[in-house]
Amino acid sequence: MKKHILLLFLGLCSIAAKGQTYETRIFNPDIKTLQIYPEGRQDGFPILEINGNGRLIVSFDEMVFSERTFYYKIVHCNRNWQKSPLSEMEYYDGFTENKITEVNLSENTVKNYTNYRFEISNKPFKASGNYAVLISGNSDFTRPDAIARFYVLDRNISIDTKATSKTSIGLNTQYQQLEIEINNYGYNIQNPFSELNLYVMQNRRTDNMAKDIKPTFTTIDKQTYSNNNNLIFEGGNEYRFIDFSDEYSYSGEVEKIDIKHDRYNLFTMPAYPRNRQFVPENYGNGYGHYIINRKNYRQNDYNADYMQVNFVLPDNLDFYNYDIYILGDVFGNRLDETSKMELLRESGIRHKSVLLKQGGYSFLYAFVPKNSSQTKATLIPFEGSFWQTSNEYIVLAYHTPFGAKYDHLVGAQIFFSKM
């Protein structure tokens, strides 16, 4: 409990600090399953398009069986997720602060909770770029209970992408390299080297994100990114998967579910290395995403139950020099205490226990060397890394003309490497 309070205090202090960086994160330990996704697709990337027709759904649970009042606020950010200098009137047509009115108590569940849900439409947005939605139980947004990131696109350019196993490191090795071409015909970019910034995510990870990438070759209406070492990524491996949508019939790497009168305890199969050779998983690749679902129930937001999920990794002497994390959207793809596995020496395992809502979850075990300044995880020691692996890549292009007040998101492309 003291640990939770300390983490919450540190998180709140960072939000209140000057030059704060917004990230998808829960600060209130009573809040679980924070989701933001395009309507109709839980595993979709949270992006709206100006002059489009889309909406984003934001949903979360408070592990209290009573309704209370929550508010949300929409904040415009620069490309590095700090608050932009734009006034609310400059980026949003309407009230940026609103009360959450769609509230439902859980039904037919062992674990009681209250679900909160609201929609974000593309219609009121005047400016493209990065956005954060802050959630607060008392409308004090300097100390939010949770934050979720999303994007608003004003499409002015097209982006062509491909992934190749031919890298400067070698051919058909453990890596993939991206080749990117931007077509800005009819859209003026005065100086691509100073005005245009490319960001690339692999499977929505932030630890290995390529940032502020500059073109290799440039013309008036075409920008080419080729043979750029910053666009080399570990190929990784297909994501592991657990599915406990049905408490009596489960799949993936679920070993067992212990059903008690007042709780469910789920144990994953002890994970073993997959770094010898590339073997596609029978259930496909979830790219680190998850979907909330309870079989034979229609309202997953408040009909899905919660289970105490225990991730188990047999300990190995070779791993003592690493901190090990569970990588995936379930932990916001962050490498911190929320996703870090604990070493239980007496049991000879690494272990992580977390309360999760019923559904299907994909994840990997990521390694970071101890006592190192390295912040990027590697998959090579345990999961393995292979050029054949299918990965989701997201390319975001920001244009900041000379004298502009904010970073315009003028292009976005989501594609999957197929080798």
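The values are calculated or read from the model by the stated rules, or taken from the named source; none is laboratory data. As the structure is a prediction and not an experimental result, all values here were calculated from the model. Cβ: placed from backbone, ideal geometry, glycine included. Neighbour counts: every protein chain shown.
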Is it fair to say R274 is basic (K, R), out of contact with any Lys or Arg (no Cβ under 8 Å at 6 or more places or on another chain), surrounded by fewer than 21 Cβ atoms within 10 Å (Cβ to Cβ) and closer than 17 Å to N203 by Cβ? yes
Taking the condition within 30 Å of F65 (Cα to Cα), assigned to a loop (DSSP other than H, G, I, E, B) and outside the structural domain of R298 (by TED's automatic domain parsing), does T142 pass? yes
Within the stretch 28-84, the residues that are in a loop (DSSP other than H, G, I, E, B) and on the phi > 0 side of the Ramachandran plot are G40, N51, W81
Pairing a residue in the stretch 206-227 that is on the phi > 0 side of the Ramachandran plot with any residue that is part of a loop (DSSP other than H, G, I, E, B) and at pLDDT below 95, where Cβ atoms lie under 9 Å and the two sit 6 or more apart in sequence or on different chains, gives N227/T167; N227/S168
Restricting the search to the stretch 96-123, which residues are hydroxyl-bearing (S, T, Y), touching a residue at least 40 places away in the same chain (Cβ under 8 Å) and either exposed (fewer than 13 other Cβ atoms within 10 Å of the Cβ) or closer than 24 Å to K295 by Cα (or both)? S106, T109, Y113, T114, Y116
Every residue in the stretch 299-344 that is more than 26 Å from R204 (Cβ to Cβ) and surrounded by fewer than 19 Cβ atoms within 10 Å (Cβ to Cβ), please. Q299, P314, D315, N316, L317, D318, Y320, N321, L343, L344
Six or more apart or on different chains, Cβ under 9 Å: which pairs go from a residue in the stretch 154-180 that's among the basic types (K, R) to one that's in a loop (DSSP other than H, G, I, E, B) and crowded, with 18+ Cβ neighbours inside 10 Å? Could you list them? R155/S128; K162/S417
Identify all residues within the stretch 168-192 that are within 15 Å of N230 (Cα to Cα), among the β-branched types (V, I, T) and crowded, with 21+ Cβ neighbours inside 10 Å; write none if there are none. I180
Members of the stretch 295-334 found to be more than 27 Å from I57 (Cβ to Cβ) and part of a loop (DSSP other than H, G, I, E, B), listed by number: D315, N316, Y320, N321
Restricted to the stretch 296-332 and to residues being in contact with a Ser or Thr (Cβ under 6 Å, 6 or more places away or on another chain) and among the hydroxyl-bearing types (S, T, Y), the residue nearest to F267 (Cα to Cα) is Y325
When you look at G235, is it surrounded by 14 or more Cβ atoms within 10 Å (Cβ to Cβ) and small (G, A, S), yes or no? yes
